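Below you'll find the structure, written out as structure tokens, and then a few comments.
The values are calculated or read from the model by the stated rules, or taken from the named source; none is laboratory data. Quantities reported herein were computed from a predicted structural model and do not represent experimental measurements. Using ideal geometry, Cβ is built from the backbone for each residue, glycine included, and neighbour counts are taken over all protein chains shown.
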Amino acid sequence: MIYIMTMSYSLVIMAAGLGSRFGGVKQLAKVGKGGEAFLDFSIKDAIAAGFSDVVMIVRSEIEADVKEHVSSMHPELEVSYVRQDDLGPEREKPWGTLHAVLSAEKAVSKPFAVINADDYYGASSFKMAAEALSEIEPGLCYNIAFELGNTCPDHGSVTRGVCEVVDGKLTRIVETEDVHRGDNGELIAGNTEISNSTPASMNMWCFDQSIFTGFNARWEAFIAENADQPKSEALLPSAVDELMNLEGLVCKVSASPEQWIGITNPEDFELAKEALAGR
């Protein structure tokens, strides 16, 4: 396949997670009928929307497998690989999504979108991201948010970043556990019914590369307090929230109409394959 580069934006894919609940390397789980992983659908949609290249964040033990997969699926694509575990301090569990993005700093030289490797965002979400990046500048970022009801499975519970939005701008993200469907299909967060249309962040962000200055400052503050904590994580939404409060970062929100598809637990795998069968 030959990719036509029309715009100069990078897609940064966070693919270094452990996938402990799934029980394997879910970044490469073959959910497409042609053996595609979620990240392959994302790459295809992003290039079609105008992204020019990919920065893939991996960890050392899966780097070779990810390279082999991506090169076989996208032989003409420009891909840079960075290892999250190269950015210290050393620890068995990755340090979180802020740390992941910072590990890619030297490979990013243009406005960029960040996504998870193991989520399906949909073609229109990447078009929205490209539109957002066309107006991005220092001090402004975007979150492509999804309707909470479009991110919750029919069975089981999930944790979601519920967004508070005022006049199209993000004011806060609340990490909300136990989001699930009630007996009558209603959406429930904990013990409280919540609207299906509530915006939720699925870690699809758009940044100017100048954001790394603020991210580095937040990482230094985090590691100063948590260096000895084996399970603490420096999270991207928390860093954005802190930069909004401390430095006046503006985060606009674009609402995606897409149905999110992902796998958290092993039983989600067949459901994801069925949902992606026609794509």
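Below are the figures for this structure:
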{"read-out": "Hey, Ala100 within 17 Å of the chain's Cα centre (by Cα), within 20 Å of Ile144 (Cα to Cα), at pLDDT 95 or above and assigned to a helix (DSSP H, G or I) or not", "value": "yes"}
{"read-out": "Matching entry among Ser71, Ser80 (being assigned to a strand (DSSP E or B) and among the polar types (S, T, N, Q))", "value": "Ser80"}
{"read-out": "Pairs with Cβ under 8 Å, 6+ apart, first in the range 127-145 and within 13 Å of Asp208 (Cα to Cα), second among the aromatic types (Phe, Trp, Tyr) and assigned to a helix (DSSP H, G or I)", "value": "none"}
{"read-out": "Enumeration of residues in the range 148-199 that are within 25 Å of Ala132 (Cα to Cα), surrounded by fewer than 16 Cβ atoms within 10 Å (Cβ to Cβ) and β-branched (Val, Ile, Thr)", "value": "Val166, Thr171, Val174"}
{"read-out": "Failed condition for Ser10, given (1) under 30 Å from Phe222 (Cα atoms); (2) at pLDDT 90 or above; (3) surrounded by fewer than 18 Cβ atoms within 10 Å (Cβ to Cβ)", "value": "(3)"}
{"read-out": "Cβ pairs under 6 Å, 6+ apart, first in the range 266-279 and at pLDDT 85 or above, second not in a loop (DSSP other than H, G, I, E, B)", "value": "Ala272/Ile261; Ala275/Ile261"}
{"read-out": "Residues of the range 28-76 satisfying the condition of being surrounded by fewer than 20 Cβ atoms within 10 Å (Cβ to Cβ), more than 19 Å from Gly17 (Cα to Cα) and touching a strand residue (DSSP E or B) at 6+ places or on another chain (Cβ under 9 Å)", "value": "Ser52, Ser71, His74"}
{"read-out": "Residue in the range 181-194 that is in contact with an Asp or Glu (Cβ under 7 Å, 6 or more places away or on another chain), among the polar types (S, T, N, Q) and either in contact (Cβ under 8 Å) with a residue 40 or more places away in the chain or more than 16 Å from Pro237 (Cα to Cα) (or both) present", "value": "no"}
{"read-out": "Matching residues in the range 130-160 - criterion: being closer than 26 Å to Lys44 by Cα and either over 19 Å from the mean Cα position of the chain (by Cα) or in a strand (DSSP E or B) (or both)", "value": "Ser134, Glu135, Glu137, Cys141, Tyr142, Asn143, Ile144, Ala145, Phe146, Glu147, Arg160"}
{"read-out": "Any hit, the range 237-247, residues being buried (at least 21 other Cβ atoms within 10 Å of the Cβ), aliphatic (A, V, I, L, M) and in contact with a Ser or Thr (Cβ under 8 Å, 6 or more places away or on another chain)", "value": "no"}
{"read-out": "Which numbered condition Ala221 misses (of (1) touching a residue at least 24 places away in the same chain (Cβ under 8 Å); (2) out of contact with any strand residue (DSSP E or B) (no Cβ under 6 Å at 6 or more places or on another chain); (3) surrounded by 13 or more Cβ atoms within 10 Å (Cβ to Cβ))", "value": "(1)"}
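One line per residue, one yes/no per condition, for (1) in a strand (DSSP E or B); (2) more than 20 Å from the chain's Cα centre (by Cα); (3) within 30 Å of Leu28 (Cα to Cα):
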position: Gly185; (1), (2), (3): no, yes, no
position: Ser232; (1), (2), (3): no, no, yes
position: Ser238; (1), (2), (3): no, no, yes
position: Asp241; (1), (2), (3): no, no, no
position: Lys252; (1), (2), (3): yes, no, no
position: Thr264; (1), (2), (3): no, no, yes
